[in-house]
Amino acid sequence: LTQLFRPLDMLGMVYRTIRQGLIDMAAMFRLIDMPVEVADAPGAPALIIREPRVIFDNVVFGYDPDRTILHGLSFEVPAGGHVAIVGPSGAGKSTIARLLFRFYDPWQGRVLIDGQDIREVSQESVRAAIGIVPQDSVLFNDTIGYNIAYGHDGATHEQVVAAARGAAILPFIERLPQGFGTEVGERGLKLSGGEKQRVAIARTLVKDPPILLLDEATSALDSRTERDILATLHRVSAHRTSISIAHRLSTIADADTILVMEAGQLAEQGSHADLLRRDGLYAEMWARQQAESTAQAEAAE
Ligand code: ATP
């Protein structure tokens, strides 16, 4: 009987993995009504990751046939490297994330993870390899433990505790009278923006993916909480390949490489110091944001 049910269990697992990814992705890009655009090739094998390198190879893509959004984009994120994507609104940053998660296929060019074209492997395995830490995480009306383990029904209590520790939310949970059994969400304990972020980070740690996709996570947080969360994210991404989509440049200044997107093209790339020396678009965006934060600090005095 167990034999008989194993495939069903597997199906359930696949479904939950995909659902988890989709919920995070929906939260990240508010794409609840996203159409299903791609399908697995018949018999597509699972992605095998030995070195989680990500390559965009001359990718051309648009949502509508008459409007190209990415115009032949190429870049590489080495295994364990940290790349940040910045650029003005509408430049195509989130589109890159959607292609990596294979919501769409490129018109031309390829997206490769560890040398494998993601069109040729199963979507489920691609999505299982990528952990998303979205801006606004979806919390369910259930216990905080359930919310951390969400999408990973096989997770043990020890794994959930370890993930909470990694996300620096364990002391908070341990102080609650009901601990991991505390109900949260609309009908339970309301979590602050920073606490929700930490639940999202813990959820990603339970998944333990080799690749992390970080949406700029800190827009609604005060600067101290923001600094703490950033420190946690740095720790969590230390041994993983990570791609951050950022609006504020101060949060990604220490990335190995910063890709500066402009109108679907790579305008510049390099480290923070390289790009400042170059005195181009990035240097201009940096100067503007520095001036804005000085003005805000003065206004707050
Ligand atoms: P922001 O910083 O504002 O989030 P972004 O750099 O992430 O912007 P994208 O979301 O990648 O930009 O959008 C790039 C372009 O693609 C925009 O002009 C946008 O209008 C268009 N676009 C995005 N999603 C869709 C969609 N589902 N259908 C049609 N066009 C879209």
Item to check | Residue among ILE113, ILE148, ILE144, ILE132 that is within 16 Å of the ligand (Cβ to nearest atom) and either β-branched (Val, Ile, Thr) or more than 18 Å from the chain's Cα centre (by Cα) (or both) | outcome: ILE132
Checklist outcome for this item: Going through the stretch 246-301 in order, the residues found to be touching a residue at least 24 places away in the same chain (Cβ under 8 Å) and on the phi > 0 side of the Ramachandran plot are ALA263, GLY264
Checklist entry - Can you tell me how many residues in the stretch 81-91 are near the ligand (Cβ under 9 Å from one of its atoms) and in contact with an Asp or Glu (Cβ under 9 Å, 6 or more places away or on another chain)? => result 3
Checklist entry - Which of the residues that make up the stretch 92-106 are of a type outside the set (Lys, Arg) and within 11 Å of the ligand (Cβ to nearest atom)? => result GLY92, SER94, THR95, ILE96, ALA97, LEU99, PHE103, TYR104
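A short reminder: the numbers here are calculations on the coordinates, not readings from a lab. Predicted, not measured: the structure shown is a model, and the values here were computed from it. Heads up, the Cβs are rebuilt from the backbone with ideal geometry, glycines too, and the neighbour counts pull from every protein chain shown.
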